[in-house]
């Protein structure tokens with residue numbers, strides 16, 4: 001996994017133009033975090049670094065959905081509506 005930090009402008013059609021160097025990522029699955037720099041932060045780069053650092057340091061265990069659904073199958077709390 002690699003990370004890239006770029007700055008771009010969303011055009012009137014809602015399209016974000018990426019630099020040519022990003023073409024190597026064609027057909028790759030990526031996740032975008034968009035920070036609106038129009039809010040008037042003193043240094044947008046420092047702010048984006050701060051946000052990226054906070055996001056990267058979130059330490060949560062992934063949920064195992066298979067285990068969750070298996071445990072739900074063991075408990076039947078539904079009530080009979082019609083008899």
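Derivation of every value follows stated rules applied to the coordinates shown; laboratory data play no part. Just so we're clear, the structure is a prediction, and the values are computed from it rather than from any experiment. Every residue, glycine among them, receives a Cβ derived from its backbone with ideal geometry; neighbour counts consider all protein chains shown.
Here are a few things to note about the model shown:
- Selection within the range 29-83 - in a loop (DSSP other than H, G, I, E, B) and either under 29 Å from residue 15 (Cα atoms) or touching a strand residue (DSSP E or B) at 6+ places or on another chain (Cβ under 9 Å) (or both): 29, 30, 31, 32, 33, 34, 35, 36, 40, 41, 42, 43
- Selection over the range 18-29 of residues that are loosely packed, with under 10 Cβ neighbours inside 10 Å and on the phi < 0 side of the Ramachandran plot gives a count of 7.
- Boolean, residue 33 is surrounded by fewer than 10 Cβ atoms within 10 Å (Cβ to Cβ) and touching a helix residue (DSSP H, G or I) at 6+ places or on another chain (Cβ under 7 Å): yes
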